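One structure is given here, and the rest of the page talks about it.
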Ligand SMILES: Cc1cc2nc3c(=O)[nH]c(=O)nc-3n(C[C@H](O)[C@H](O)[C@H](O)COP(=O)(O)OP(=O)(O)OC[C@H]3O[C@@H](n4cnc5c(N)ncnc54)[C@H](O)[C@@H]3O)c2cc1C
(Lines give C-alpha, C1' and ligand atoms only; values in the text may rest on other atoms or scores of the structure.)
Protein backbone atom coordinates (compact mmCIF):
# COMPACT_ATOMS: atom_id res chain seq x y z
CA UNK A 1 0.00 0.00 0.00
CA UNK A 2 1.33 3.42 -0.92
CA UNK A 3 0.77 5.52 2.18
CA UNK A 4 2.40 8.62 0.70
CA UNK A 5 0.14 11.59 1.40
CA UNK A 6 -0.93 14.14 -1.15
CA UNK A 7 0.88 17.49 -0.95
CA UNK A 8 -1.77 19.23 1.10
CA UNK A 9 -1.86 16.56 3.81
CA UNK A 10 1.89 16.38 4.27
CA UNK A 11 2.79 17.79 7.71
CA UNK A 12 5.41 20.39 8.52
CA UNK A 13 8.14 18.85 10.67
CA UNK A 14 10.67 20.49 13.01
CA UNK A 15 13.57 18.37 14.25
CA UNK A 16 15.58 19.82 17.15
CA UNK A 17 19.18 18.61 16.89
CA UNK A 18 21.21 17.85 13.78
CA UNK A 19 23.21 14.87 15.06
CA UNK A 20 22.92 11.46 13.39
CA UNK A 21 19.53 10.69 14.92
CA UNK A 22 17.99 13.96 13.70
CA UNK A 23 19.52 13.60 10.24
CA UNK A 24 18.55 9.93 9.80
CA UNK A 25 15.03 10.80 10.91
CA UNK A 26 14.83 13.59 8.31
CA UNK A 27 15.96 11.06 5.67
CA UNK A 28 13.19 8.62 6.57
CA UNK A 29 10.49 11.29 6.77
CA UNK A 30 11.57 12.84 3.47
CA UNK A 31 11.19 9.43 1.78
CA UNK A 32 7.61 9.25 3.04
CA UNK A 33 6.62 12.91 2.64
CA UNK A 34 8.27 14.33 -0.45
CA UNK A 35 6.63 17.75 -0.19
CA UNK A 36 6.68 18.33 3.56
CA UNK A 37 8.55 21.26 4.98
CA UNK A 38 11.27 19.67 7.15
CA UNK A 39 13.45 21.99 9.23
CA UNK A 40 16.33 20.88 11.45
CA UNK A 41 17.27 23.34 14.20
CA UNK A 42 20.56 23.23 16.09
CA UNK A 43 22.10 25.35 18.83
CA UNK A 44 25.37 25.40 16.87
CA UNK A 45 25.93 27.03 13.50
CA UNK A 46 27.30 23.76 12.11
CA UNK A 47 25.32 20.51 11.86
CA UNK A 48 25.96 16.83 12.71
CA UNK A 49 26.43 16.83 16.50
CA UNK A 50 28.85 14.20 17.73
CA UNK A 51 29.82 13.16 14.21
CA UNK A 52 31.69 16.45 14.13
CA UNK A 53 32.41 17.02 17.84
CA UNK A 54 32.70 13.51 19.31
CA UNK A 55 34.16 11.07 16.78
CA UNK A 56 37.95 11.09 17.01
CA UNK A 57 39.64 13.18 14.30
CA UNK A 58 41.87 10.25 13.28
CA UNK A 59 38.75 8.25 12.32
CA UNK A 60 37.79 10.05 9.08
CA UNK A 61 35.96 6.99 7.76
CA UNK A 62 33.44 7.23 10.61
CA UNK A 63 32.96 10.95 10.06
CA UNK A 64 32.28 10.39 6.36
CA UNK A 65 28.62 9.74 7.19
CA UNK A 66 28.29 13.54 7.20
CA UNK A 67 28.62 13.48 3.37
CA UNK A 68 25.43 11.43 3.25
CA UNK A 69 23.74 13.96 5.55
CA UNK A 70 24.98 16.87 3.39
CA UNK A 71 22.66 15.61 0.67
CA UNK A 72 19.66 16.26 2.90
CA UNK A 73 20.33 19.98 2.73
CA UNK A 74 21.84 20.18 -0.76
CA UNK A 75 19.40 17.93 -2.60
CA UNK A 76 16.48 16.78 -0.47
CA UNK A 77 15.11 20.20 0.43
CA UNK A 78 15.58 19.87 4.17
CA UNK A 79 16.42 23.22 5.82
CA UNK A 80 19.11 23.65 8.46
CA UNK A 81 18.59 26.49 10.94
CA UNK A 82 21.69 26.89 13.11
CA UNK A 83 22.54 29.09 16.10
CA UNK A 84 19.17 28.41 17.70
CA UNK A 85 18.98 26.98 21.21
CA UNK A 86 15.56 25.44 21.64
CA UNK A 87 14.27 25.31 25.20
CA UNK A 88 12.28 27.46 27.55
CA UNK A 89 13.85 30.85 26.81
CA UNK A 90 12.97 33.28 24.02
CA UNK A 91 15.48 35.86 22.78
CA UNK A 92 18.54 36.28 20.57
CA UNK A 93 19.66 32.79 19.52
CA UNK A 94 17.00 31.15 21.74
CA UNK A 95 13.55 29.89 20.90
CA UNK A 96 10.98 28.20 23.05
CA UNK A 97 9.85 24.71 22.26
CA UNK A 98 6.26 25.91 22.68
CA UNK A 99 6.72 28.41 19.87
CA UNK A 100 8.06 25.73 17.54
CA UNK A 101 5.19 23.42 18.48
CA UNK A 102 2.71 26.15 17.62
CA UNK A 103 4.27 26.57 14.18
CA UNK A 104 4.90 22.95 13.12
CA UNK A 105 2.57 19.96 12.86
CA UNK A 106 5.21 17.58 14.21
CA UNK A 107 8.19 18.32 16.48
CA UNK A 108 10.95 15.82 17.26
CA UNK A 109 13.64 16.28 19.91
CA UNK A 110 17.01 14.85 18.85
CA UNK A 111 19.21 16.82 21.21
CA UNK A 112 21.43 13.98 22.45
CA UNK A 113 23.00 13.78 25.92
CA UNK A 114 26.15 15.84 26.38
CA UNK A 115 27.06 16.17 30.04
CA UNK A 116 29.90 14.01 31.35
CA UNK A 117 28.65 11.54 33.93
CA UNK A 118 30.52 12.33 37.12
CA UNK A 119 32.48 9.84 39.22
CA UNK A 120 30.65 8.63 42.31
CA UNK A 121 33.67 9.96 44.25
CA UNK A 122 32.99 13.67 44.46
CA UNK A 123 35.87 16.09 44.06
CA UNK A 124 36.55 19.74 43.43
CA UNK A 125 40.22 19.08 42.72
CA UNK A 126 41.75 20.65 39.64
CA UNK A 127 43.02 18.19 37.04
CA UNK A 128 39.88 16.04 36.69
CA UNK A 129 38.44 16.23 33.17
CA UNK A 130 35.43 14.63 31.51
CA UNK A 131 35.82 12.83 28.19
CA UNK A 132 32.99 14.86 26.67
CA UNK A 133 34.81 18.09 27.46
CA UNK A 134 38.11 16.70 26.15
CA UNK A 135 36.74 15.25 22.93
CA UNK A 136 34.75 18.43 22.18
CA UNK A 137 37.90 20.46 22.83
CA UNK A 138 39.97 18.23 20.55
CA UNK A 139 37.30 18.56 17.85
CA UNK A 140 37.08 22.36 18.07
CA UNK A 141 33.63 22.67 19.67
CA UNK A 142 32.88 26.39 20.17
CA UNK A 143 31.77 25.94 23.81
CA UNK A 144 35.11 24.55 24.99
CA UNK A 145 38.30 26.28 26.00
CA UNK A 146 41.73 24.86 26.65
CA UNK A 147 42.21 27.16 29.67
CA UNK A 148 43.23 25.19 32.73
CA UNK A 149 43.91 21.92 30.87
CA UNK A 150 47.04 20.30 32.30
CA UNK A 151 47.35 16.57 31.69
CA UNK A 152 50.89 16.29 33.06
CA UNK A 153 53.03 13.17 32.61
CA UNK A 154 50.90 10.64 34.53
CA UNK A 155 47.31 10.36 33.39
CA UNK A 156 44.65 8.03 34.75
CA UNK A 157 41.71 7.37 32.44
CA UNK A 158 38.61 5.95 34.15
CA UNK A 159 36.48 3.92 31.75
CA UNK A 160 37.05 1.11 29.29
CA UNK A 161 34.67 2.12 26.51
CA UNK A 162 35.65 3.24 23.04
CA UNK A 163 35.72 6.90 24.09
CA UNK A 164 38.30 6.05 26.79
CA UNK A 165 40.40 4.23 24.19
CA UNK A 166 40.09 7.26 21.85
CA UNK A 167 41.59 9.43 24.61
CA UNK A 168 44.38 6.93 25.33
CA UNK A 169 45.33 6.84 21.64
CA UNK A 170 45.16 10.60 21.11
CA UNK A 171 47.19 11.36 24.26
CA UNK A 172 49.93 9.09 22.90
CA UNK A 173 49.86 10.53 19.38
CA UNK A 174 52.78 12.75 18.32
CA UNK A 175 52.06 16.52 18.32
CA UNK A 176 52.83 16.88 14.61
CA UNK A 177 50.29 14.16 13.80
CA UNK A 178 47.69 15.84 16.02
CA UNK A 179 48.31 19.07 14.09
CA UNK A 180 47.92 17.24 10.77
CA UNK A 181 44.51 16.03 12.00
CA UNK A 182 43.41 19.66 12.20
CA UNK A 183 43.50 19.97 16.00
CA UNK A 184 44.05 23.57 17.09
CA UNK A 185 47.61 24.48 18.06
CA UNK A 186 46.74 25.50 21.65
CA UNK A 187 44.99 22.16 22.18
CA UNK A 188 47.93 20.23 20.70
CA UNK A 189 50.25 22.18 22.99
CA UNK A 190 48.14 21.41 26.06
CA UNK A 191 47.89 17.68 25.25
CA UNK A 192 51.60 17.40 24.54
CA UNK A 193 52.94 19.64 27.32
CA UNK A 194 53.51 16.89 29.92
CA UNK A 195 54.44 15.04 27.79
CA UNK A 196 52.07 12.22 28.71
CA UNK A 197 54.32 9.25 29.34
CA UNK A 198 52.38 7.03 31.74
CA UNK A 199 48.69 6.20 31.38
CA UNK A 200 46.66 3.92 33.62
CA UNK A 201 43.29 2.97 32.15
CA UNK A 202 40.84 1.61 34.68
CA UNK A 203 37.55 -0.23 34.19
CA UNK A 204 35.02 -1.97 36.42
CA UNK A 205 34.58 -4.99 34.15
CA UNK A 206 36.86 -7.93 33.53
CA UNK A 207 38.11 -8.21 29.92
CA UNK A 208 35.32 -10.58 28.82
CA UNK A 209 32.74 -7.85 29.59
CA UNK A 210 34.85 -4.81 28.75
CA UNK A 211 33.03 -2.28 26.58
CA UNK A 212 35.76 -1.45 24.08
CA UNK A 213 35.65 -2.87 20.57
CA UNK A 214 38.40 -5.25 19.49
CA UNK A 215 39.31 -2.98 16.56
CA UNK A 216 40.07 -0.18 19.01
CA UNK A 217 42.62 -2.37 20.85
CA UNK A 218 44.21 -3.53 17.60
CA UNK A 219 44.62 0.09 16.54
CA UNK A 220 46.66 0.82 19.68
CA UNK A 221 49.35 -1.55 18.43
CA UNK A 222 50.31 1.06 15.81
CA UNK A 223 51.43 3.58 18.46
CA UNK A 224 55.24 3.79 18.52
CA UNK A 225 57.36 3.74 21.67
CA UNK A 226 54.62 2.49 24.02
CA UNK A 227 54.86 -0.48 26.36
CA UNK A 228 51.45 -1.97 27.18
CA UNK A 229 50.84 -3.75 30.46
CA UNK A 230 47.78 -5.25 32.17
CA UNK A 231 46.81 -7.19 35.28
CA UNK A 232 45.15 -9.86 33.16
CA UNK A 233 43.45 -12.92 34.63
CA UNK A 234 42.65 -15.74 32.20
CA UNK A 235 38.91 -15.83 31.44
CA UNK A 236 36.79 -18.77 32.54
CA UNK A 237 35.99 -21.38 29.89
CA UNK A 238 32.47 -20.10 29.33
CA UNK A 239 33.57 -16.47 29.01
CA UNK A 240 34.30 -14.56 25.82
CA UNK A 241 38.11 -14.52 25.59
CA UNK A 242 38.41 -12.23 22.56
CA UNK A 243 39.08 -9.00 24.47
CA UNK A 244 41.45 -10.68 26.89
CA UNK A 245 43.36 -12.17 23.95
CA UNK A 246 43.46 -8.85 22.08
CA UNK A 247 44.94 -7.08 25.11
CA UNK A 248 47.42 -9.93 25.60
CA UNK A 249 48.49 -9.62 21.95
CA UNK A 250 48.89 -5.88 22.39
CA UNK A 251 51.16 -6.46 25.39
CA UNK A 252 53.16 -9.18 23.65
CA UNK A 253 53.68 -7.02 20.56
CA UNK A 254 54.69 -3.85 22.38
CA UNK A 255 58.27 -2.68 22.89
CA UNK A 256 59.61 -3.78 26.33
CA UNK A 257 62.11 -0.90 26.35
CA UNK A 258 59.62 1.78 25.28
CA UNK A 259 59.80 5.02 27.26
CA UNK A 260 56.02 5.39 27.51
CA UNK A 261 53.73 2.95 29.27
CA UNK A 262 49.98 2.31 29.18
CA UNK A 263 48.56 -0.06 31.83
CA UNK A 264 45.09 -1.62 31.76
CA UNK A 265 43.42 -2.35 35.11
CA UNK A 266 40.34 -4.58 34.99
CA UNK A 267 37.77 -5.03 37.75
CA UNK A 268 38.52 -1.86 39.74
CA UNK A 269 36.55 1.27 40.60
CA UNK A 270 37.78 4.60 41.99
CA UNK A 271 37.09 5.14 45.69
CA UNK A 272 39.14 8.24 46.45
CA UNK A 273 40.89 11.16 44.79
CA UNK A 274 43.63 12.94 46.68
CA UNK A 275 45.59 16.13 46.20
CA UNK A 276 46.09 19.64 47.47
CA UNK A 277 44.16 21.83 45.04
CA UNK A 278 45.16 19.61 42.12
CA UNK A 279 44.69 15.86 41.95
CA UNK A 280 47.84 13.89 42.77
CA UNK A 281 46.56 10.34 43.21
CA UNK A 282 43.55 8.12 42.80
CA UNK A 283 42.72 5.08 44.91
CA UNK A 284 41.02 2.12 43.28
CA UNK A 285 39.26 -0.82 44.85
CA UNK A 286 38.91 -4.28 43.35
CA UNK A 287 35.32 -5.31 42.76
CA UNK A 288 36.05 -8.96 43.52
CA UNK A 289 35.86 -10.57 46.95
CA UNK A 290 39.38 -9.40 47.89
CA UNK A 291 38.32 -5.73 47.91
CA UNK A 292 42.01 -4.96 47.45
CA UNK A 293 42.92 -1.30 47.04
CA UNK A 294 45.56 0.24 44.79
CA UNK A 295 46.79 3.84 44.77
CA UNK A 296 47.97 5.35 41.50
CA UNK A 297 49.90 8.61 41.24
CA UNK A 298 48.20 10.95 38.79
CA UNK A 299 48.83 14.43 37.45
CA UNK A 300 45.36 14.30 35.93
CA UNK A 301 42.32 12.04 35.88
CA UNK A 302 40.12 11.77 32.79
CA UNK A 303 36.68 10.24 33.24
CA UNK A 304 35.05 8.42 30.35
CA UNK A 305 32.13 6.74 32.12
CA UNK A 306 29.22 7.90 30.02
CA UNK A 307 26.96 10.87 29.43
CA UNK A 308 23.82 12.41 30.88
CA UNK A 309 21.46 15.32 30.42
CA UNK A 310 23.16 18.62 31.11
CA UNK A 311 21.49 19.99 34.20
CA UNK A 312 22.31 23.58 33.36
CA UNK A 313 20.71 23.25 29.91
CA UNK A 314 16.99 23.03 29.29
CA UNK A 315 15.93 19.51 30.17
CA UNK A 316 13.81 19.03 27.10
CA UNK A 317 12.98 15.41 27.64
CA UNK A 318 12.63 15.62 31.39
CA UNK A 319 10.21 18.52 30.90
CA UNK A 320 7.87 16.24 29.07
CA UNK A 321 8.29 12.76 30.46
CA UNK A 322 5.81 13.46 33.22
CA UNK A 323 3.14 14.30 30.66
CA UNK A 324 0.31 11.93 29.91
CA UNK A 325 0.62 9.46 27.01
CA UNK A 326 4.43 9.37 27.09
CA UNK A 327 5.68 6.22 25.40
CA UNK A 328 9.46 6.37 25.23
CA UNK A 329 9.63 2.89 23.73
CA UNK A 330 8.04 4.34 20.58
CA UNK A 331 9.56 7.81 20.96
CA UNK A 332 6.33 9.58 21.95
CA UNK A 333 6.62 12.51 24.38
CA UNK A 334 3.20 14.07 23.87
CA UNK A 335 0.72 15.13 21.21
CA UNK A 336 2.76 15.49 17.98
CA UNK A 337 5.95 15.61 20.07
CA UNK A 338 8.56 12.88 19.73
CA UNK A 339 12.16 12.07 20.64
CA UNK A 340 14.88 10.05 18.95
CA UNK A 341 18.51 8.98 19.33
CA UNK A 342 20.53 9.24 22.51
CA UNK A 343 17.90 11.49 24.07
CA UNK A 344 15.30 8.74 23.65
CA UNK A 345 17.26 5.65 24.57
CA UNK A 346 20.21 6.91 26.63
CA UNK A 347 23.86 7.58 25.79
CA UNK A 348 24.66 4.20 24.28
CA UNK A 349 25.33 3.01 20.81
CA UNK A 350 27.09 3.90 17.63
CA UNK A 351 26.11 6.16 14.76
CA UNK A 352 24.46 3.33 12.76
CA UNK A 353 22.32 2.43 15.77
CA UNK A 354 20.73 5.86 15.49
CA UNK A 355 19.59 4.92 12.00
CA UNK A 356 17.65 1.95 13.36
CA UNK A 357 16.26 4.17 16.10
CA UNK A 358 15.26 6.89 13.61
CA UNK A 359 13.50 4.36 11.39
CA UNK A 360 11.42 3.13 14.34
CA UNK A 361 10.49 6.68 15.42
CA UNK A 362 9.72 7.67 11.80
CA UNK A 363 7.33 4.69 11.59
CA UNK A 364 5.65 5.87 14.81
CA UNK A 365 5.31 9.43 13.50
CA UNK A 366 3.91 8.32 10.14
CA UNK A 367 1.45 5.89 11.72
CA UNK A 368 0.22 8.57 14.16
CA UNK A 369 -0.16 11.09 11.35
CA UNK A 370 -2.34 8.75 9.33
CA UNK A 371 -4.97 8.78 12.07
CA UNK A 372 -4.55 12.41 13.15
CA UNK A 373 -7.13 15.02 12.25
CA UNK A 374 -5.13 17.24 9.88
CA UNK A 375 -7.96 19.67 9.21
CA UNK A 376 -5.89 22.64 10.38
CA UNK A 377 -2.34 22.13 9.13
CA UNK A 378 0.22 24.41 10.73
CA UNK A 379 2.22 26.78 8.51
CA UNK A 380 5.74 25.75 9.56
CA UNK A 381 8.84 27.93 9.60
CA UNK A 382 7.20 31.05 8.17
CA UNK A 383 5.01 31.28 11.28
CA UNK A 384 8.06 31.71 13.49
CA UNK A 385 8.66 35.07 11.88
CA UNK A 386 12.01 35.54 13.57
CA UNK A 387 15.50 36.48 12.62
CA UNK A 388 17.36 33.19 12.89
CA UNK A 389 19.95 32.65 10.21
CA UNK A 390 20.06 29.56 8.13
CA UNK A 391 23.59 28.23 7.80
CA UNK A 392 24.38 27.46 4.20
CA UNK A 393 25.93 24.04 3.76
C1 LIG B 1 33.28 11.24 22.32
C2 LIG B 1 32.41 10.36 21.47
C3 LIG B 1 32.95 9.64 20.40
C4 LIG B 1 32.15 8.82 19.61
N5 LIG B 1 32.73 8.13 18.59
C6 LIG B 1 31.95 7.34 17.83
C7 LIG B 1 32.54 6.60 16.75
O8 LIG B 1 33.75 6.69 16.50
N9 LIG B 1 31.72 5.82 15.99
C10 LIG B 1 30.37 5.73 16.24
O11 LIG B 1 29.67 5.01 15.52
N12 LIG B 1 29.80 6.39 17.27
C13 LIG B 1 30.55 7.20 18.06
N14 LIG B 1 29.98 7.87 19.10
C15 LIG B 1 28.53 7.72 19.34
C16 LIG B 1 27.72 8.65 18.40
O17 LIG B 1 28.36 9.90 18.34
C18 LIG B 1 26.27 8.78 18.90
O19 LIG B 1 25.66 7.48 18.76
C20 LIG B 1 25.43 9.78 18.13
O21 LIG B 1 26.12 10.98 17.86
C22 LIG B 1 24.14 10.12 18.89
O23 LIG B 1 23.37 10.91 18.01
P24 LIG B 1 22.25 11.94 18.48
O25 LIG B 1 21.75 12.56 17.23
O26 LIG B 1 21.29 11.29 19.39
O27 LIG B 1 23.02 13.04 19.39
P28 LIG B 1 24.19 14.12 19.02
O29 LIG B 1 25.13 13.59 17.99
O30 LIG B 1 24.72 14.51 20.33
O31 LIG B 1 23.38 15.34 18.38
C32 LIG B 1 22.58 16.21 19.17
C33 LIG B 1 22.49 17.55 18.46
O34 LIG B 1 21.53 18.35 19.17
C35 LIG B 1 22.03 19.69 19.29
N36 LIG B 1 21.36 20.28 20.46
C37 LIG B 1 21.50 19.90 21.75
N38 LIG B 1 20.71 20.64 22.54
C39 LIG B 1 20.04 21.52 21.73
C40 LIG B 1 19.06 22.52 21.96
N41 LIG B 1 18.58 22.78 23.18
N42 LIG B 1 18.60 23.24 20.90
C43 LIG B 1 19.06 22.97 19.63
N44 LIG B 1 19.97 22.01 19.36
C45 LIG B 1 20.46 21.28 20.40
C46 LIG B 1 23.52 19.51 19.46
O47 LIG B 1 24.24 20.69 19.14
C48 LIG B 1 23.79 18.35 18.48
O49 LIG B 1 24.08 18.85 17.18
C50 LIG B 1 30.77 8.71 19.90
C51 LIG B 1 30.21 9.41 20.98
C52 LIG B 1 31.03 10.23 21.74
C53 LIG B 1 30.41 11.00 22.90
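Residues to consider are 267, 331; find the one that is more than 16 Å from the ligand (Cβ to nearest atom) and within 26 Å of the chain's Cα centre (by Cα).
Values: 331 fails: more than 16 Å from the ligand (Cβ to nearest atom).
Answer to the check: 267.
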Notebook entry, point to check: Could you say whether any residue in the stretch 352-365 is in the same structural domain as residue 37 (by TED's automatic domain parsing) and not in a helix (DSSP H, G or I)?
Noted result: no
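State all residues of the stretch 53-87 that are over 30 Å from residue 177 (Cβ atoms), assigned to a loop (DSSP other than H, G, I, E, B), more than 8 Å from the ligand (Cβ to nearest atom) and within 22 Å of the chain's Cα centre (by Cα); if no residue qualifies, say none. Working first, answer last.
Let us first name the residues in the stretch 53-87 that are over 30 Å from residue 177 (Cβ atoms), namely 71-87.
Of the ones still in play, those that are also assigned to a loop (DSSP other than H, G, I, E, B) are 75-77, 82-84.
From what is left, the residues that are more than 8 Å from the ligand (Cβ to nearest atom) are 75-77, 82-83.
Result: 82, 83.
Before we move on, is residue 21 within 18 Å of residue 86 (Cα to Cα) and either at pLDDT 95 or above or within 15 Å of the ligand (Cβ to nearest atom) (or both)?
On the way: within 18 Å of residue 86 (Cα to Cα): yes; either at pLDDT 95 or above or within 15 Å of the ligand (Cβ to nearest atom) (or both): yes.
Considered against the rule, which asks whether it is within 18 Å of residue 86 (Cα to Cα) and either at pLDDT 95 or above or within 15 Å of the ligand (Cβ to nearest atom) (or both), residue 21 comes out as yes.
Table: residues versus (1) at pLDDT 95 or above; (2) crowded, with 19+ Cβ neighbours inside 10 Å; (3) within 24 Å of residue 338 (Cα to Cα).
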| residue | (1), (2), (3) |
| --- | --- |
| 48 | yes, yes, yes |
| 56 | yes, yes, no |
| 60 | yes, no, no |
| 64 | yes, no, no |
| 70 | yes, no, yes |
| 79 | yes, no, yes |
| 88 | no, no, yes |
| 100 | yes, yes, yes |
| 103 | yes, yes, yes |
Margin query: Looking at the stretch 294-313 only, could you name the residues that are assigned to a strand (DSSP E or B) and either under 18 Å from residue 163 (Cα atoms) or not assigned by TED's automatic domain parsing to the domain that holds residue 228 (or both)?
Written below: 300, 301, 302, 303, 307, 308
Note to self: Among the listed residues 166, 143, identify the single one that is closer than 21 Å to residue 227 by Cβ and within 11 Å of the ligand (Cβ to nearest atom).
What the structure shows: 166
Check: If you go through the stretch 375-391 one residue at a time, do you hit one that is under 21 Å from residue 27 (Cα atoms) and at pLDDT below 90?
Finding: yes
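Is there a residue in the stretch 287-295 that is within 24 Å of residue 99 (Cα to Cα), away from the ligand (no atom under 16 Å from the Cβ) and at pLDDT below 95?
If we filter the stretch 287-295 for residues that are within 24 Å of residue 99 (Cα to Cα), which is where we start, we get none.
Taking every residue of the stretch 287-295 in turn, none turns out to be within 24 Å of residue 99 (Cα to Cα), away from the ligand (no atom under 16 Å from the Cβ) and at pLDDT below 95.
Can you name every one of the helices (runs of 4 or more DSSP H) wholly within the stretch 182-293 that holds 2 or more residues which are in contact with a strand residue (DSSP E or B) (Cβ under 8 Å, 6 or more places away or on another chain)? Step through it out loud before you land on a result.
Details: elements: 185-192, 214-220, 242-253.
By residue number, 242-253.
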Notebook entry, point to check: Among 29, 50, which is assigned to a helix (DSSP H, G or I), more than 14 Å from the ligand (Cβ to nearest atom) and not assigned by TED's automatic domain parsing to the domain that holds residue 143?
Noted result: 29
Next item on the list: Determine whether residue 108 is over 15 Å from the mean Cα position of the chain (by Cα) and within 19 Å of residue 347 (Cα to Cα).
Entry: yes
Notebook entry, point to check: (1) under 30 Å from residue 215 (Cβ atoms); (2) modelled with pLDDT of 95 or more; (3) within 18 Å of the chain's Cα centre (by Cα): which one isn't true of residue 114, the others all being true?
Noted result: (2)
Check: Does the stretch 251-272 contain any residue that is surrounded by 15 or more Cβ atoms within 10 Å (Cβ to Cβ) and under 30 Å from residue 356 (Cβ atoms)?
Finding: no
Check: Can you tell me which residue in the stretch 334-359 is farthest from the ligand (Cβ to nearest atom), limited to those that are more than 25 Å from residue 161 (Cα to Cα) and surrounded by fewer than 18 Cβ atoms within 10 Å (Cβ to Cβ)?
Finding: 335
Check: So is residue 136 surrounded by fewer than 22 Cβ atoms within 10 Å (Cβ to Cβ), farther than 16 Å from residue 155 by Cα and at pLDDT 95 or above or not?
Finding: yes
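Just to be sure before I move on: is residue 315 modelled with pLDDT under 90, under 22 Å from the mean Cα position of the chain (by Cα) and closer than 30 Å to residue 269 by Cα in the structure I sent?
yes
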Note to self: residue 6 - would you say it is surrounded by fewer than 22 Cβ atoms within 10 Å (Cβ to Cβ), touching a strand residue (DSSP E or B) at 6+ places or on another chain (Cβ under 7 Å) and either modelled with pLDDT under 95 or assigned by TED's automatic domain parsing to the domain that holds residue 220 (or both)?
What the structure shows: no
Item checked: Single condition residue 210 does not satisfy, out of (1) surrounded by fewer than 18 Cβ atoms within 10 Å (Cβ to Cβ); (2) modelled with pLDDT under 95; (3) closer than 29 Å to residue 283 by Cβ -> (1)
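The values are calculated or read from the model by the stated rules, or taken from the named source; none is laboratory data. On a predicted model such as this, the values are computed, not experimentally measured, just so you know. For neighbour counting, all protein chains shown are included, and Cβ atoms are generated from backbone atoms with ideal geometry for every residue, glycine included.
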